[in-house]
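The structure appears right after this line, and notes come after that.
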Amino acid sequence: MAAVPRSLTHESLAAGVRALARHDREFAALYRRNGVPPMWARRPGFPTLVHIVLEQQVSIVAARSLFRRVSAALGGMTPERVFERGAAGLHALGLTRQKASYCHALAAAVLDGSLSLTGIARAADAEGRGALLAQRGIGPWSADVYYLMALRRPDVWPVGDLALAIALQEVKGLRRRPDAERQAAMSAAWAPWRSVAARLLWHHYLTTRRTRGN
């Protein structure tokens, strides 16, 4: 397989797609049909982490709309403004009480220095991921999505992502949606390009969802 960088570029994303296509016929079919998937890169930092929290258990469209509305109301999604608004104030802007609490706690952690997103980007992945998981509201899926999209690590599989489970069932012709354990086992075969496999499957999901009726 092609050399694996610490962070994906458009060139290495394409190389990863070709590497997967050589070893997996279903990925080869996706590549022929849809080409190289988008990078879907996000800027590392506090706003992206908040956006990921808002995406938990809701649609991408709903989370994006809420993020934009809250950011506009605050005059920018910064730790200072989120902290100043308070959990109750964030709830009044449309966040659930739980997510308002999470976002306020993340802002406090950034401001008091107990969470350094710059440090996480520079640290070894296991160390940085552990620092994220220590924060209220950041579970494995949220940490994985941050690593996959914001830090663009090439070998991350976000277990628990519903769209990926649906896409895997369709692409691999499975009788049932794969649970977290089966996803982990299946995705092991796609190392060191699991983030690329996820993008191929997300691309499939997004290009076929209107015919699915979901």
For this session: Please state which of the following conditions Ser195 fails to meet, knowing it meets all the rest: (1) in a helix (DSSP H, G or I); (2) assigned by TED's automatic domain parsing to the domain that holds Ser116; (3) buried (at least 18 other Cβ atoms within 10 Å of the Cβ).
Result: (2)
Exercise. Would you say Arg85 is more than 19 Å from the chain's Cα centre (by Cα), surrounded by 18 or more Cβ atoms within 10 Å (Cβ to Cβ), at pLDDT 95 or above and basic (Lys, Arg)?
Worked result: yes
For this session: Specify the residue that is modelled with the lowest pLDDT; the eligible residues are those in the range 1-17 that are touching a helix residue (DSSP H, G or I) at 6+ places or on another chain (Cβ under 7 Å) and surrounded by fewer than 20 Cβ atoms within 10 Å (Cβ to Cβ).
Result: Met1
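Among the residues in the range 154-173, are any acidic (Asp, Glu) and over 26 Å from Gly128 (Cα atoms)?
Yes: the range 154-173 contains one or more residues that are acidic (Asp, Glu) and over 26 Å from Gly128 (Cα atoms).
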Exercise. Out of (1) free of Cβ contacts under 8 Å to residues at least 12 places away in the same chain; (2) in contact with a Pro (Cβ under 9 Å, 6 or more places away or on another chain), what's the single condition that is false for Asp112?
Worked result: (2)
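Name the single residue, out of those in the range 30-70 being small (Gly, Ala, Ser) and either under 15 Å from His104 (Cβ atoms) or not in a helix (DSSP H, G or I) (or both), that is nearest to the chain's Cα centre (by Cα).
Applying the first criterion (small (Gly, Ala, Ser)) to the range 30-70 yields 35, 41, 45, 59, 62-63, 65.
Checking the rest, the ones that are also either under 15 Å from His104 (Cβ atoms) or not in a helix (DSSP H, G or I) (or both) come to 35, 41, 45, 59.
Numbers: Gly35: 21, Ala41: 10, Gly45: 13, Ser59: 13 Å.
Among those that are small (Gly, Ala, Ser) and either under 15 Å from His104 (Cβ atoms) or not in a helix (DSSP H, G or I) (or both), it is Ala41.
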For this session: Could you check, for the range 42-58, whether at least one of its residues is at pLDDT below 95 and loosely packed, with under 15 Cβ neighbours inside 10 Å?
Result: yes
Problem set entry | Test for Arg32: is it farther than 26 Å from Gly160 by Cα and not assigned by TED's automatic domain parsing to the domain that holds Pro192 | no
Problem set entry | Looking only at the range 88-97, and only at residues there that are assigned to a helix (DSSP H, G or I) and either surrounded by 15 or more Cβ atoms within 10 Å (Cβ to Cβ) or touching a residue at least 24 places away in the same chain (Cβ under 8 Å) (or both), the one that is farthest from the chain's Cα centre (by Cα) | Gly89
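Which residues, taken from the range 42-74, are in contact with an Asp or Glu (Cβ under 7 Å, 6 or more places away or on another chain) and free of Cβ contacts under 8 Å to residues at least 12 places away in the same chain?
Listed by number, the list is empty, since nothing qualifies.
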For this session: Give the residues of the range 128-145 that are out of contact with any helix residue (DSSP H, G or I) (no Cβ under 6 Å at 6 or more places or on another chain) and crowded, with 22+ Cβ neighbours inside 10 Å, sorted by residue number.
Result: Asp144
Exercise. Of the conditions (1) in contact (Cβ under 8 Å) with a residue 60 or more places away in the chain; (2) in the same structural domain as Cys103 (by TED's automatic domain parsing), Trp190 fails just one. Which one is it?
Worked result: (2)
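The values are calculated or read from the model by the stated rules, or taken from the named source; none is laboratory data. As the structure is a computational prediction, the values presented were derived from the model and not from experiment. No Cβ is skipped: glycine too gets one built from the backbone with ideal geometry, and neighbour counts run over all protein chains shown.
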